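Structure record follows, encoded as C-alpha cells.
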Amino acid sequence: MSRRTKTICKIDRELMELIKKYPVVSGMMSRNQIYGVLYHLKSVIDRGVEGDVVELGCNVGTTSLFIKKFLDTYCPEKKFHVYDSFDGLPDKHEKDMTSSVSGNVFVRGACKTSRDVFEKVLGHYDVGLPIINTGWFKEIPDSMYPSKICFAFFDGDFYTSIIDSFEKTFQKIQPGGMIVIDDISDGDLENHGLPGAERACEEFLRDKKENYDYTGYPDENFLFGKSSGGAKITKIS
C-alpha cells in the first residue's frame, strides 16, 4: 500500500543552480519536479550504486536535458539511455479510466513529437545526446536496456506504459537504486487525469518487497513530503 512520507530535506544549492540555468522547454514538467528527479539521482550516485541511468518517456527532452547535463558534470562515466516511441500516447487501458474531465485530453497520439525535435532541443542548449532508443517500451529488445541500472525515471503516463517500464527495467535495477515515477495521484485516483500510473505501481509491487511513497517530487517550495505528483521506489534486492 502506498504511503506519504513527511520529509524536509536541505535544499541542494548546486542542483538549484543547474535547474535555473536552462529553461523548462515544455509544460509537462515543472522546476520542482525536475529538481526531484535530479535530487534522487544525485543521492544514488553519492551512494555509489552501480549501473546506468534510464528515462522511459522522454518526449521533447524536457527532463532529459537536465539529467544529461547533470551526468556530464558530476558523473560522466554513467551512460544515459532514453526510450520513446515519439508517436505519442498508446491506447488507454481500462485502468486509465477516470471520472476526472482532465483525463479527456489524454488520448491515443497525444504528446506526439519526433526524435528530430528531441535532438534539436538538446543540441540547442549544447547538451550532448544520450543513447536514444526508439519504439514502444515493450517492443524494444531487453538487450537495448542496460544490464545494470542505478536510476530510472518513468514518464509513460498510462497504465500499460508504466507496467512495461517495470517489466523492462525492475530486475536490472541494483540494490539501493531508485525509480521516480511521474503522474502519481496520491491515492485520489478518481479525481486524477492519469490514474493508470499509480494503479500500475500498486499492481506491480503487490508481490515485491519494495513499496512506493509520495516523495518523488518536492512541492513548489522544494520541500519533500507533500503531494506533488511523483512517486519514489528504492530497490531493496
| request: Could you tell me which trypsin sites (Lys or Arg not before Pro) in the stretch 132-211 are loop residues by DSSP with no more than 15 other beta carbons within 10 angstrom of their beta carbon? | output: 148, 208, 209
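Cα-Cα pairs above 16 Å in the stretch 13-88: how many percent?
On the way: 1380 of 2850 pairs.
Here the long-distance tail beyond 16 Å is 48 percent of all Cα pairs in the stretch 13-88.
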| query | About its Cα centre, how strong a charge dipole does the stretch 13-234 have in debye, to the nearest 20, once Lys and Arg get +1 and Asp and Glu get -1 at the Cβ? | reply | 540 debye
| Nearest-0.05 FRET efficiency for residue 108 and residue 46, computed from C-beta distance (R0 45 Å) | 0.65
| message | Nearest 500 deg cm²/dmol is fine: what mean residue ellipticity at 222 nm does the chain get from its DSSP H runs of n ≥ 4 alone, each adding -39,500 (n - 2.57), divided by its residue count? | response | -9000 deg cm²/dmol
| said: Along the charge dipole of the chain, pointing to its positive end and built from +1/-1 on Cβ of Lys, Arg, Asp and Glu, which listed residue (229, 170, 18) has its Cα farthest out? | reply: 18
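For 26, 161, what's the fewest-to-most ordering of other Cβ within 10 Å of each Cβ?
Ordered by Cβ neighbours within 10 Å, fewest first: 26, 161.
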| What is the dipole size for the stretch 115-160, taken about its Cα centre, with +1 at each Lys and Arg Cβ and -1 at each Asp and Glu Cβ, in debye to the nearest 20? | 120 debye
| Local electrostatic count, residue 94, Cβ distance below 13 Å [Lys/Arg +1, Asp/Glu -1] | 0
| field | Taking the stretch 13-234 and dividing mean pair separation by its residue count, relative contact order in percent (alpha carbons under 8 Å, at least six apart) | value | 24 percent
| Highest-fluctuation residue, 182, 116, 96 considered, GNM on the chain with Cα pairs under 10 Å | 116
| Say the dipole of the chain comes from +1 at the beta carbon of Lys and Arg and -1 at that of Asp and Glu; which of 29, 45, 214 then lies farthest toward its positive end? | 45
| task | Provide the three semi-axes, in whole Å and in decreasing order, of the ellipsoid equivalent to the stretch 13-234 as defined by the square roots of 5 times the Cα gyration tensor eigenvalues. | result | 24, 20, 19
| remark: In Å, the Kirkwood estimate of hydrodynamic radius for the stretch 114-175 over Cα pairs equals 13.2 Å
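Only the coordinates and a few stated rules stand behind these numbers; no lab work does. Just so it is clear, the model here is predicted, and its values are computed rather than measured. Neighbour counts run over all protein chains shown; Cβ positions are idealised from the backbone, glycine included.
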